[in-house]
Number of protein chains: 2
Amino acid sequence: MKNNVGREIPDEILKEKGYQSFQTVDFGNSVIQRDAPKVHATTENNKVVDSLQDVVLKTVKDGMTISFHHHFREGDYVFNKVMRLIIDYGFKNLTLAPSSLTNVMNEIVVEAIGKGVVTNITSSGMRGTLGDAISHGALKNPVIFRSHGGRARAIESGKIKIDVAFLGVPNSDAMGNANGMDGKTAFGSLGYALMDAKYAEKVVLVTDNIKPYPNTPASIKQTQVDYVVKVDAVGDPDKIGSGATRFTKDPKELKIAKTVNEVITHSPYFKEGFSFQTGSGGAALAVTRFLRQSMIANQIKASFALGGITKPTIDLLEEGLVQKVMDVQDFDEGAAISMHKNKNQQEIDASWYADPANKGAMVDALDVVILSALEVDTQFNVNVISGSDGVIRGAIGGHQDAATAKLTIISAPLVRGRIATVVPNVTTVVTPGDSVDVVVTEIGIAINPKRKDLLKLLTKIPGVPVLTIEEMQKKAQEKVGIPKQLEFTNRVVALVEYRDGSLIDVINEVKE
Amino acid sequence: MKNNVGREIPDEILKEKGYQSFQTVDFGNSVIQRDAPKVHATTENNKVVDSLQDVVLKTVKDGMTISFHHHFREGDYVFNKVMRLIIDYGFKNLTLAPSSLTNVMNEIVVEAIGKGVVTNITSSGMRGTLGDAISHGALKNPVIFRSHGGRARAIESGKIKIDVAFLGVPNSDAMGNANGMDGKTAFGSLGYALMDAKYAEKVVLVTDNIKPYPNTPASIKQTQVDYVVKVDAVGDPDKIGSGATRFTKDPKELKIAKTVNEVITHSPYFKEGFSFQTGSGGAALAVTRFLRQSMIANQIKASFALGGITKPTIDLLEEGLVQKVMDVQDFDEGAAISMHKNKNQQEIDASWYADPANKGAMVDALDVVILSALEVDTQFNVNVISGSDGVIRGAIGGHQDAATAKLTIISAPLVRGRIATVVPNVTTVVTPGDSVDVVVTEIGIAINPKRKDLLKLLTKIPGVPVLTIEEMQKKAQEKVGIPKQLEFTNRVVALVEYRDGSLIDVINEVKE
């Protein structure tokens, strides 16, 4: 049976794993009994342990679920340090439940899979050699991909039950009061890790920077932490701020960014008190710059900017063009270190950011979001997780979550090299077309036909052609031709959850 | 059978209510499965309701547990507004579980008890007509008195299961992002209320000040809140800051304060990086002033000040004499409004402050605390809940919790009018003598014999006589004579929990 984005979800998956098939983006309001950890109380005044080995041996057992955060991105040392020990000690059948997996983690996860140490993974995404290995059937059980909001939901409802969370932090006192904004490896908001700190049975902080007690502001609190492990270094400061946050000079990206800004400013949402999420990446930063000019020209201020935050967004805050920055993660050093001085830069956890199963997430109040795509199809469905070769090479991130905005703009080049971005059918549906409003490419924009209101407003923008999504897809096809049909085996290697926990798609093993 | 502070706890109470009898202040480390609420999710963007009536009718049912906080102290309007409706709608058999009860709440609680609306109460304390009514057997079931840390423990472990929390706040946005530090009724830290916001099944914010969305800093978060009720006024700003926080000019209080400071500065804990809690009350403020002078003179700085915070403590922070203020509540306007500008004034919840059943409370790291007493006896046991007439007229507050400090000083006048403070046996044991180190009165100090180290250090203080506690008690008796033996009936009207949840004493109905 096909689900409501036309994807075949095998019956046995639905039954065995107790899944519902994706139905609708308007999935209504759930009533959920929150999960809670078992707490081992202590009145000790020092939780510092020098030996990561000892802590791993004390806390990890075969079959457990262990977690990490990805706030250090490609500069992360903690994941590899911990996983090295876990592999060397020969633990088996672990479930890996990080907030996401970055490239620097690939090699050791592949090794852990090969040795039977890791047999289950849930993550926002993966890339490189790990994505390749998974797509070729390396892991025993299917990976479960969840959005940032979906992970928060799964943790809060007990679907993900973390036994031990290993959380790298750029500072902590001896009791576990820690934040992400101080120290040489500061990364800013601890947004994703705050979920693990609240819900994991055992919380292990790993830091290279022990501060005097009590360390404040305490984003993670001593009441949540079991061990503080002192190591030489938790990360490489130069690799925490993603290179992808540099401002683009590429003319195509600039054109797309300018068009995105035109779409925003011609929409009914561009008015005093509007809110937006732009994300990272060259085009996104350029959008922020163009948007700034339009805000000044039109004397319009935003109530809040949301999501992964970059320095240009902080500049808007400091200029008074944005009232509040609601910050679940920071993509560059400028955004990370500004948390200290800007009291209107509020750290939020992944639940507050995007969990549909709580009493209101920030994304529910979002007016405008700009999101990327590996592929978008003629039903406006978006794929951000698998390549055109069928191999896993991306992450859901907050894509499904932020697409709940009143105006969801997909910004992407029409083609990338010899590969079309706008396609008849995306390889994997991550975000349903029902939550996408406008697709912006360098050749013009395509508007979701269900948004007749936008069709009227956005056709008068000078120099911005409006195409149907089918026309856009054909233009792409004219450029790069029709690709060879992908070939997959029957084996499912990954499940893609929609943010409500239903299955929106599965990913099959690629045929060699 | 008598417990370890010599109090007879009726067997039927222990059995029926599943209590352990108090054993020891070193009760060890528990393993507790945390409780968690059932969450009704929403994606609505506005939770504001004009009618408190509607919300009360929607949320309250017979037999439920409802809660309030006492951060507005004697300036609270919210408690009376809500209770008026609850009484008028004729709800029955409710359990009242506020963080504490202030005098302004007395009349309506007595009425609610009389009408069978409230049949159970748990609180930090009570005074005036309510204490009188309870002591004369007005309530169907015994009141349970818990310390602030004990309440946090009880909530986190599910012993107190709050169905609806009505939380007054000086500001909130339409989704429930709120703090205690803005608005004309600002009271500062929301420390006690944060427990209710996290654990109650339904959270109702009541405010007179709706702020633009998103309101930050958000001490209470939209993810926790079901309704935001707009009312005309939540409190009387003039009555929030307690009158008890004015600086004393009373020579006896000044003498006691000076002696307390001598005890601190002659103790081994007065050194760089020490920590302290002074609390409120004229003598306490005077101690803070004397302590400041000693810190300057000796070039000693404190790592943190804890507990209920007053302006003089904030002055120390701003002078750099205290590194951090860990703030569970503020006793005056100066402390309340300074939270905004002082990033080293960290808001902490009651669990972090004092819960013995978590991964480390601030009180566990406390060096010096100054606490008050209604009575202290020759076993150093302290009573802060019942008067010498046996009638309930006080509150545990953080007394039991902070008494875990390395140096616990009880500061009190030897007698009050014709009533002795130092007595052979306290009317009710709230804080066991095992956690009390020094008693300071205007005639000198008494040192707990188990603290031989202190006995040596504190005997050389010029002008500060050291007495045995028995000598001190006799001095008091010489002044005021031997009081008539109190007469109680066999009926237990209140249970006094120790911070670990064991029963340290019971309070019986007074005989007319």
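Points to keep in mind about this one:
- Search result, residues across the stretch A:303-321 that are assigned to a strand (DSSP E or B) and crowded, with 22+ Cβ neighbours inside 10 Å: A:F304, A:A305, A:L306, A:G307, A:G308, A:I309
- Only residues that are among the polar types (S, T, N, Q), open to solvent by 50 Å² or more (accessible area, probe 1.4 Å) and in contact (Cβ under 8 Å) with a residue 12 or more places away in the chain were counted in the stretch A:485-512, giving 1.
- Flag for A:V5 being in a loop (DSSP other than H, G, I, E, B), touching an Asp or Glu at 6+ places or on another chain (Cβ under 8 Å) and within 14 Å of chain B (Cβ to nearest Cβ): no
- Of residues in the stretch B:163-178 being part of a loop (DSSP other than H, G, I, E, B) and either in contact (Cβ under 8 Å) with a residue 60 or more places away in the chain or among the β-branched types (V, I, T) (or both), the one surrounded by the fewest Cβ atoms within 10 Å (Cβ to Cβ): B:D163
- Restricting the stretch A:275-294 to residues that are over 20 Å from the mean Cα position of the chain (by Cα) and buried (at least 22 other Cβ atoms within 10 Å of the Cβ), the residue that is farthest from the other protein chains (Cβ to nearest Cβ): A:A286
- Filtering the stretch A:206-218 to residues that are more than 7 Å from every other protein chain (Cβ to nearest Cβ) and in a loop (DSSP other than H, G, I, E, B) leaves A:D208, A:N209, A:K211, A:N215.
- Test result for A:F331, free of Cβ contacts under 8 Å to residues at least 60 places away in the same chain and of a type in the set (F, W, Y): no
- Sole exception among (1) at pLDDT 95 or above; (2) surrounded by fewer than 22 Cβ atoms within 10 Å (Cβ to Cβ) for B:K140, by number: (1)
- Residues that are touching a helix residue (DSSP H, G or I) at 6+ places or on another chain (Cβ under 8 Å) and of a type in the set (G, A, S), drawn from the stretch B:132-159: B:A133, B:A138, B:S147, B:G149, B:G150, B:A152
- Whichever residue in the stretch A:160-205 is acidic (D, E) and under 18 Å from A:A36 (Cα atoms) and, among such residues, is nearest to the other protein chains (Cβ to nearest Cβ): A:E201
- Close pairs (6 angstrom Cβ cut-off, 6 or more residues apart or separate chains): within 9 Å of another protein chain (Cβ to nearest Cβ) in the stretch A:20-39, among the aliphatic types (A, V, I, L, M) and part of a loop (DSSP other than H, G, I, E, B) anywhere: A:N29/B:A41; A:S30/A:A357; A:S30/B:A41; A:I32/A:A357; A:R34/B:A36; A:A36/B:A36
- Which numbered condition A:D50 fails, given (1) modelled with pLDDT of 95 or more; (2) away from chain B (no Cβ under 14 Å): (1)
- Residue match in the stretch B:406-413 (condition: within 21 Å of B:F276 (Cβ to Cβ), within 14 Å of chain A (Cβ to nearest Cβ) and either touching a strand residue (DSSP E or B) at 6+ places or on another chain (Cβ under 8 Å) or open to solvent by less than 10 Å² (accessible area, probe 1.4 Å) (or both)): yes
- Checked against (1) buried (at least 20 other Cβ atoms within 10 Å of the Cβ); (2) assigned to a loop (DSSP other than H, G, I, E, B); (3) more than 24 Å from the chain's Cα centre (by Cα), A:H70 meets all criteria but (3).
- Taken as a whole, the stretch A:383-400 holds at least one residue that is of a type in the set (D, E), more than 18 Å from the chain's Cα centre (by Cα), open to solvent by 10 Å² or more (accessible area, probe 1.4 Å) and farther than 20 Å from A:S100 by Cβ.
- Verdict on A:D182 being at pLDDT below 95 and closer than 24 Å to B:P217 by Cβ: yes
- Residues within the stretch B:242-271 that are touching an Asp or Glu at 6+ places or on another chain (Cβ under 6 Å) and surrounded by fewer than 24 Cβ atoms within 10 Å (Cβ to Cβ), tallied: 4
Residues checked against (1) more than 21 Å from the chain's Cα centre (by Cα); (2) more than 20 Å from B:V56 (Cα to Cα):
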residue	(1), (2)
B:G176	yes, no
B:A193	no, no
B:D196	no, no
B:Y199	no, no
B:D208	yes, no
B:K211	yes, yes
B:S219	no, yes
B:Y227	yes, no
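- Residue count, the stretch A:1-48 (criterion: of a type in the set (A, V, I, L, M) and surrounded by 17 or more Cβ atoms within 10 Å (Cβ to Cβ)): 7
- Residue selected from the stretch A:197-231 under the condition under 20 Å from B:I348 (Cα atoms) and touching a His at 6+ places or on another chain (Cβ under 9 Å), by the criterion surrounded by the most Cβ atoms within 10 Å (Cβ to Cβ): A:D226
- Residue count for the stretch B:219-234, restricted to those that are touching a residue at least 60 places away in the same chain (Cβ under 8 Å) and either assigned to a strand (DSSP E or B) or on the phi > 0 side of the Ramachandran plot (or both): 4.
- All conditions but one from (1) under 30 Å from the mean Cα position of the chain (by Cα); (2) open to solvent by 40 Å² or more (accessible area, probe 1.4 Å) apply to A:R451; the one that does not is (2).
- Screening the stretch B:354-390 for residues that are in contact (Cβ under 8 Å) with a residue 60 or more places away in the chain and assigned to a strand (DSSP E or B) and picking the one that is farthest from the other protein chains (Cβ to nearest Cβ) gives B:S386.
- Under the condition of being among the charged types (D, E, K, R) and open to solvent by less than 20 Å² (accessible area, probe 1.4 Å), the residues counted in the stretch B:333-363 number 3.
The values are calculated or read from the model by the stated rules, or taken from the named source; none is laboratory data. As the structure is a computational prediction, the values presented were derived from the model and not from experiment. Here Cβ is always computed from backbone atoms with ideal geometry, including for glycine, and neighbour counts include all displayed protein chains. Side chains included, ligands, DNA and RNA excluded: accessible areas come from the protein's heavy atoms. Shrake-Rupley method; radii C 1.70, N 1.55, O 1.52, S 1.80 Å.
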